[in-house]
């Protein structure tokens with residue numbers, strides 16, 4: 001009605017009470033006390049008094065006010081403000097390799113710092129998601145559980161350094177740790193972003209076994225191999241404690257990373273420089289947004305106030321007219 005929807009449309013049935021009210025009013029004016037006379041010629045030319053007209057008008061005001069109050073009770077709402085809103089509910093665990101090889105300088109200033117910087121940019125762009133951080137080298141631990149407090153998460157990212165735990169690449173253990181953080185999540189989408197530059201060489205859990213575990217819990221894994229093709233400059237200290245760089249071969253187990261992503265319905269990416277790493281995170285960002293259904297809905301606005309004000313105005317007008325102009329009319 002008039003472009004409105006009603007929260008309680010059944011209450012509009014109260015409008016039916018207007019029918020007996022009108023019938024009673026008509027019956028009442030027709031049964032007003034009468035006087036029998038032989039002829040009405042003497043009163044036929046008497047003009048209708050404005051007070052008689054006002055009496056009927058005021059009855060109409062009262063009916064209209066009642067109708068408006070019924071509309072107020074039914075709660076009219078407008079639905080013409082349409083919005084596209086992404087469904088909330090993505091939990092993401094970033095699983096970061098912090099082994100010594102992440103200090104190689106093929107990314108600037110090195111692989112680890114570049115990975116941290118780009119991850120922070122990614123976190124800053126997903127304000128409504130819960131994000132956690134797991135790190136691994138020879139062992140794995142949770143640096144930050146799932147949280148929406150991204151300021152705390154970013155600060156914890158900045159504290160990450162290579163050498164925090166025993167060196168090595170426990171890829172399977174790192175992935176399994178991230179799965180543990182997500183397995184009980186009730187989020188619509190559960191995601192792991194696994195970033196490494198090496199080959200699994202530590203830990204009791206095989207990476208493929210960890211991937212199967214992720215699949216069992218409905219967790220999607222995006223894997224990123226970090227490192228240029230061929231060799232990369234790696235810092236080493238000589239006998240006198242001075243740092244110099246030697247070219248070391250880049251060994252990334254791309255086959256295993258591809259298998260992990262295939263098993264879990266994710267994707268594998270190779271980041272050979274800072275820009276490529278940034279592009280990968282941007283692509284993951286878009287992939288996750290596209291996997292969550294976008295609902296188009298109308299934001300309902302309450303519109304009862306104009307009806308309530310109109311009813312009040314009509315009742316006030318009726319009261320004033322009766323008190324000022326129709327005081328002698330019942």
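In summary, residue 283 fulfils each of the numbered conditions (1) farther than 19 Å from residue 167 by Cα; (2) at pLDDT below 95; (3) touching a strand residue (DSSP E or B) at 6+ places or on another chain (Cβ under 7 Å) with the single exception of condition (3).
The set of residues from the stretch 216-233 being buried (at least 19 other Cβ atoms within 10 Å of the Cβ) and part of a strand (DSSP E or B) comprises 219, 220, 221, 222, 223, 224, 225, 226, 232. Checking each residue of the stretch 199-209 against the condition of being at pLDDT 95 or above, assigned by TED's automatic domain parsing to the domain that holds residue 123 and in contact with a strand residue (DSSP E or B) (Cβ under 7 Å, 6 or more places away or on another chain) gives no match. For the stretch 308-330, a tally of residues being modelled with pLDDT of 85 or more and in a loop (DSSP other than H, G, I, E, B) returns 0. Of the residues making up the stretch 153-172, none is surrounded by 21 or more Cβ atoms within 10 Å (Cβ to Cβ), assigned by TED's automatic domain parsing to the domain that holds residue 261, part of a strand (DSSP E or B) and touching a helix residue (DSSP H, G or I) at 6+ places or on another chain (Cβ under 6 Å).
Does the stretch 150-177 hold any residues that are within 18 Å of residue 140 (Cα to Cα) and within 24 Å of the chain's Cα centre (by Cα), and which are they? Outline the logic, then answer.
Start the filter on the stretch 150-177 by keeping residues that are within 18 Å of residue 140 (Cα to Cα), which leaves 153, 156-177.
Across the stretch 150-177, the qualifying residue is only 153.
Of 216, 170, all but one fail to be more than 24 Å from residue 125 (Cβ to Cβ), touching a strand residue (DSSP E or B) at 6+ places or on another chain (Cβ under 6 Å) and free of Cβ contacts under 8 Å to residues at least 60 places away in the same chain; the exception is 170. Scanning the stretch 249-278 for residues that are without any contact (Cβ under 8 Å) to a residue 24 or more places away in the chain and either within 23 Å of residue 106 (Cα to Cα) or within 28 Å of the chain's Cα centre (by Cα) (or both) turns up 249, 255, 275, 276. Scan the stretch 173-189 and tell me whether some residue there is assigned to a strand (DSSP E or B), surrounded by fewer than 24 Cβ atoms within 10 Å (Cβ to Cβ) and either touching a residue at least 60 places away in the same chain (Cβ under 8 Å) or in contact with a helix residue (DSSP H, G or I) (Cβ under 8 Å, 6 or more places away or on another chain) (or both). Yes, that holds for at least one residue. Only a single item in (1) surrounded by 14 or more Cβ atoms within 10 Å (Cβ to Cβ); (2) at pLDDT below 95; (3) outside any strand (DSSP E or B) is not met by residue 213, and it is number (2).
One line per residue, one yes/no per condition, for (1) modelled with pLDDT under 80; (2) assigned to a helix (DSSP H, G or I); (3) touching a strand residue (DSSP E or B) at 6+ places or on another chain (Cβ under 9 Å); (4) within 30 Å of residue 129 (Cβ to Cβ):
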| position | (1), (2), (3), (4) |
| --- | --- |
| 36 | yes, no, no, no |
| 51 | yes, yes, no, no |
| 71 | no, yes, yes, no |
| 85 | yes, no, yes, yes |
| 92 | no, no, yes, yes |
| 95 | no, no, yes, yes |
| 105 | no, no, yes, no |
| 108 | no, no, no, yes |
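Just to be sure before I move on: is residue 256 surrounded by 20 or more Cβ atoms within 10 Å (Cβ to Cβ), over 30 Å from residue 128 (Cβ atoms) and modelled with pLDDT of 95 or more in the structure I sent? Yes; evaluated as a whole, the condition is true for this residue.
The values are calculated or read from the model by the stated rules, or taken from the named source; none is laboratory data. Because the structure is a prediction, the values reported are computed rather than measured. Cβ sites come from the backbone with ideal geometry, for glycine too, and all protein chains shown count toward neighbours.
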